[in-house]
Amino acid sequence: MSQVTIKINGHEVKAEKGEPILGPIRAQGIDIPTLCHMDGVEPYGACRLCMVEVGKGDRAKLVTSCNFPAREGLEIQTDTERVHRDRAMLAELLLARSPGVKKVQELAVSLGVKKARFKTMEPTECLLCGLCVRVCNEIVGASAIGFEGRGVDRVVGTPFFLDPDACIACGACTEVCPTGIMQMEIKTKERWKKELVGNQRLCRYARMGLVPYKVCPNDFDCATCEVDQRLWDEMGMHPVLALAPGKKRKPRQVGNFVTMLDRFYSKGHVWVKPLGERVIVGLDDFAQKVIGDISSITIGAKPGDVVHKGKDSLNVACNGHSAAMLFPISGTIKSINPAMDDEPTVINEDCYRRGWLFTVEPTDQYRETKDLVASGQVEPWMLEESDFLFKTLSEVGGAALSDGGELLPNFSRELADDEWDRIAKRFFSKV
C-alpha cells in the first residue's frame with residue numbers, strides 16, 4: 001500500500017493511504033478517547049468520541065477518526081475548541097444514558113464533565129458500542145448476537161429472532177464490553193448445565209476450534225479448568241481474541257462466486273449452517289447471481305411442518321422465469337425469515353447472513369449433512385460448477401457474458417424459456 005503525507009496539528013507525518021487516521025494520530029502520542037473502537041475489528045463510529053477536525057478554515061469539518069481514511073495532504077486538528085466542546089457534549093449524553101457506568105463516569109471527568117444536564121427515563125448500562133457484536137462476528141465467527149430494533153428501541157440480542165444456540169460461551173463479548181453488562185457466557189453455561197448430557201457437553205475451546213475434540217469434565221466451570229488456564233497463560237490474553245478463528249470464516253472468492261467455508265452446500269446451491277440443535281438454510285451466491293434480482297420466493301412449508309430431503313422446497317421467481325429448488329435436509333421447520341415478506345431484496349444483498357430463508361430442526365443432523373458438500377470440497381465443486389455454467393451459457397449464444405467473459409447482472413432476462421429451464425434443471429434440481 002502506498003504512503004501519503006498528512007498533517008496532524010501542523011506536523012507532517014507519513015500514513016498508509018486509506019488507513020483510518022486514528023492510528024497515525026495515536027502514533028504521535030496524542031490521546032484520543034474511544035468507547036467503540038478496538039484494533040482488529042471493523043471500525044464502527046458509534047460513540048463518536050474520537051472526533052477530530054479535518055480541512056482548513058471555514059471548510060473544516062468534524063469526522064470520526066476511527067473510520068476516516070488518510071489521503072495525501074489531509075490536515076487534521078485534534079485540539080480545537082470545537083473538538084473539545086463536541087466531545088464534552090457526547091460525554092454528557094452518555095452520562096445521561098448510563099449514569100451508573102464507571103467507564104462512562106471516568107470518561108466524562110477526563111473530558112471536563114461532572115454532571116449531565118440531560119435526563120433519561122430508563123437508564124441502561126448498554127452503550128450500543130457494538131464491540132460485542134463485531135467481536136462475536138468477526139473475531140470469534142459465531143455471530144451469536146446482533147442488533148435488533150431501531151432508534152430508541154435498538155438493543156443487542158440474538159440474531160434472526162432465534163434462540164442463542166450459536167453462542168459457544170467463549171466470553172469474548174464480556175471481555176470487550178466496556179460496561180460489563182454483556183453476560184452471554186454465563187447464561188449459555190447455565191443453559192448447557194441443564195440441557196446437555198454426555199458427549200453433547202463439549203468444551204468451549206473445542207467449540208472455538210482451539211483444541212481437539214474434548215468433552216468438558218468440569219461442569220463448565222472454566223475458571224478452575226487447567227485447559228482454560230494454560231491457554232490464557234500461553235496467549236497472554238483471551239485465547240479466542242489471540243487466535244481469531246472467525247477470521248478464517250470470511251467470504252472467499254472462487255472464480256466469479258463467493259463462498260463461505262463455515263457451512264455445507266447442497267448440489268442444488270442451497271447452503272446449510274448448523275446452529276446448535278437447528279440448522280439455518282439459504283441460497284448461495286451462485287444461485288443468487290444465476291437467478292438474478294429475486295422478485296419473490298415461495299417456501300413450500302411453514303413452521304411446525306415436517307419436510308423431507310429432496311422434496312420441493314422453494315419456488316424462486318426472477319426476470320420472468322422461475323426455479324424449483326429442493327430441501328437439502330429432513331426435519332421440522334422451526335422459523336422462516338420475516339424479511340421474506342418485508343424485505344425480500346435482502347437475499348440479493350446478503351444471501352449468506354441477513355438473507356437466510358428458514359431454520360430446520362434436523363431428524364439426524366450428522367446423517368443429514370454428511371452427504372452435502374463440506375468445507376474441504378467447496379472450492380473444487382464450485383469451480384466445476386462455474387466451468388459448466390460458462391460452457392452452457394456459451395452454447396446458448398453468450399447473451400449472459402460480457403466481452404471479458406464475465407457474468408452480466410440479471411443475464412437470465414435475456415434467456416429464452418427453454419434455455420432457462422435447461423440451466424435451472426442442471427443446477428438447482430439437486431440435493
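The values are calculated or read from the model by the stated rules, or taken from the named source; none is laboratory data. On a predicted model such as this, the values are computed, not experimentally measured, just so you know. Don't worry about glycine lacking a Cβ; one is built from the backbone with ideal geometry, like all the others, and counts go over all protein chains shown.
Taking residue 69 as meeting all but one of (1) of a type outside the set (Lys, Arg); (2) modelled with pLDDT under 95; (3) more than 29 Å from the chain's Cα centre (by Cα), write down the number of the exception.
Checking residue 69 against (1) of a type outside the set (Lys, Arg); (2) modelled with pLDDT under 95; (3) more than 29 Å from the chain's Cα centre (by Cα), the one that fails is (3).
So which of 304, 300, 355 ends up being modelled with pLDDT of 90 or more and in the same structural domain as residue 421 (by TED's automatic domain parsing)? Before the answer, list the steps.
Working: 300 fails: modelled with pLDDT of 90 or more; 355 fails: modelled with pLDDT of 90 or more.
Matching residue, one of 304, 300, 355: 304.
Tally the residues that are closer than 19 Å to residue 422 by Cα, touching a Ser or Thr at 6+ places or on another chain (Cβ under 8 Å) and not β-branched (Val, Ile, Thr), restricting the search to the range 294-319.
5
If a residue has to be small (Gly, Ala, Ser) and free of Cβ contacts under 8 Å to residues at least 60 places away in the same chain to count, how many in the range 211-252 make the cut?
Of all residues in the range 211-252, those small (Gly, Ala, Ser) come to 223, 236, 242, 244, 246.
Still in the list and also free of Cβ contacts under 8 Å to residues at least 60 places away in the same chain: 223, 236, 242.
Total satisfying the criteria: 3.
How many residues are more than 13 Å from residue 49 (Cβ to Cβ), among the hydrophobic types (A, V, I, L, M, F, W, C), in a loop (DSSP other than H, G, I, E, B) and touching a helix residue (DSSP H, G or I) at 6+ places or on another chain (Cβ under 8 Å) when one looks only at the range 102-146?
The qualifying residues number 5.
Of all the strands (runs of 3 or more DSSP E) wholly in the range 1-93, which have at least 2 residues that are exposed (fewer than 14 other Cβ atoms within 10 Å of the Cβ), of a type outside the set (D, E, K, R) and touching a residue at least 12 places away in the same chain (Cβ under 8 Å)? It would help to see each step written out before you state the result.
On the way: elements: 3-8, 11-16, 51-54, 61-64, 75-77.
Here the list reads 3-8.
Would you check which residues across the range 376-413 are of a type in the set (A, V, I, L, M, F, W, C) and either exposed (fewer than 15 other Cβ atoms within 10 Å of the Cβ) or modelled with pLDDT of 80 or more (or both) and list them?
378, 381, 382, 383, 388, 389, 390, 393, 399, 407, 408, 411
Residue-wise test of (1) surrounded by fewer than 15 Cβ atoms within 10 Å (Cβ to Cβ); (2) within 20 Å of residue 173 (Cβ to Cβ); (3) among the basic types (Lys, Arg).
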| residue | (1), (2), (3) |
| --- | --- |
| 208 | no, yes, no |
| 222 | no, yes, no |
| 232 | yes, yes, no |
| 242 | yes, yes, no |
| 245 | no, yes, no |
| 250 | yes, yes, yes |
| 254 | no, no, no |
| 266 | no, no, no |
| 272 | no, no, no |
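Of everything in the range 183-206, what is of a type outside the set (A, V, I, L, M), surrounded by 18 or more Cβ atoms within 10 Å (Cβ to Cβ) and under 15 Å from residue 144 (Cβ atoms)? Give them in sequence order. Break it down into steps so the answer makes sense when it comes.
The initial filter retains those residues of the range 183-206 that are of a type outside the set (A, V, I, L, M), namely 183, 185, 187-195, 198-201, 203-205.
Subsequent filtering for residues that are surrounded by 18 or more Cβ atoms within 10 Å (Cβ to Cβ) retains 185, 188-189, 192, 203-205.
Passing the criteria: 185, 188, 189, 192, 204.
Taking residue 96, is it within 32 Å of the chain's Cα centre (by Cα) and in contact (Cβ under 8 Å) with a residue 60 or more places away in the chain?
Values: within 32 Å of the chain's Cα centre (by Cα): yes; in contact (Cβ under 8 Å) with a residue 60 or more places away in the chain: no.
When the stated conditions are applied, residue 96 does not pass them.
Please go through the range 288-314 and give me each residue that is among the β-branched types (Val, Ile, Thr), touching a helix residue (DSSP H, G or I) at 6+ places or on another chain (Cβ under 8 Å) and not in a loop (DSSP other than H, G, I, E, B), ordered by number.
To start, the set of residues in the range 288-314 that are among the β-branched types (Val, Ile, Thr) comprises 290-291, 294, 297-299, 306-307.
Among the residues that remain, those that are also touching a helix residue (DSSP H, G or I) at 6+ places or on another chain (Cβ under 8 Å) are: 290-291, 294, 297, 299.
Across the range 288-314, the qualifying residues are 290, 291, 297, 299.
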